[in-house]
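The values are calculated or read from the model by the stated rules, or taken from the named source; none is laboratory data. Because the structure is a prediction, the values reported are computed rather than measured. Heads up, the Cβs are rebuilt from the backbone with ideal geometry, glycines too, and the neighbour counts pull from every protein chain shown. For accessibility, only protein heavy atoms count, side chains too; no ligands or nucleic acids. Shrake-Rupley method; radii C 1.70, N 1.55, O 1.52, S 1.80 Å.
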Amino acid sequence: MDEDLGCSSSRTAWAGTPARAASRLAVETMQPPSGTRRTEPDAFRPTEGPAEESPLPDVLREAVEEACAVIFRTRRAIRARGDGHHRHRRARDGRTAYVAHVGDSRCYLLRDGRIYQVSEDHSLVNEQLKAGAITEDEARHSRFKNIITRSVGFEQQVQVDLMGVELEADDRLVVCCDGLSNLVEDAEILEIVQASDFDLAPGRLVALANDRGGDDNITVIVLRAVER
């Protein structure tokens, strides 16, 4: 039986920031179907074959690549200087949720009382951590944690990570930016999502991050898999 995804979200943002402008442009670029997405609407319908045959990964990759090029051209045209943007996009095909990822925003899977980070941070600190140069505690408090190694719009092209998650009933996916994950531990995310009504969880996560300083944009989306 297929799993469907319910969605609840919350966010706070600093108005007028380059990051917010880049975020809005990325969403506007990826939201409407374009290119093959206009001529191949079946790409968004569940497929009966294995996940490897789904057209959705290519659709997601093209959407993020297109957003990257648009943001790059826009920044160059207005001679803007600032950070690149972090971008997730997700789609579902049958029981499989696909995630396209660039930057250090995160996607978590919550299942059976445990939390798993699905995406990998494209950051200097994560590279140091993987190389064994720093500990996890040092990574959490590093003054370099805002330096990212891959972003949407910094260059005209970007390498997009694609992940597929086989869903089970009552799974949760939490998608958030580093404004949340820098201030709220993974275990706390798990605890709040499990203890809260579905519609209230994102707001409670944002509130906790704001209570701890809230010095960056904070966006949280919680998705729930339900049988249909």
Please work out how much length the chain gains when fully extended from residue 228 to residue 200, using 0.36 nm per residue of separation minus the C-alpha to C-alpha distance, in nm with one decimal. 7.8 nm
Given H placed 1.01 Å from N in the peptide plane, which residues other than close sequence neighbours of residue 161 have an amide H under 5 Å from its amide H? 101
Kindly identify the stretch 133-228 as rounded, prolate or oblate by the Cα gyration tensor criterion: order the square roots of the eigenvalues as a ≥ b ≥ c, call it rounded if a/c is under 1.5, otherwise compare a/b with b/c, prolate if a/b is larger, else oblate. oblate
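How high is the FRET efficiency between residue 127 and residue 168 when r is their beta carbon distance and R₀ equals 35 Å, given to the nearest 0.05?
0.60
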With a point put 7 Å past each Cα toward its Cβ, work out how far residue 188 is from residue 120 in nm, to one decimal. 2.7
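Could you state the accessible area per residue of the stretch 115-228 in Å², with a 1.4 Å probe and every protein chain left in place?
I get 53 Å² per residue for this part.
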Sequence-distant or interchain residues sharing an amide H contact under 5 Å with residue 123, placed H: which? 149
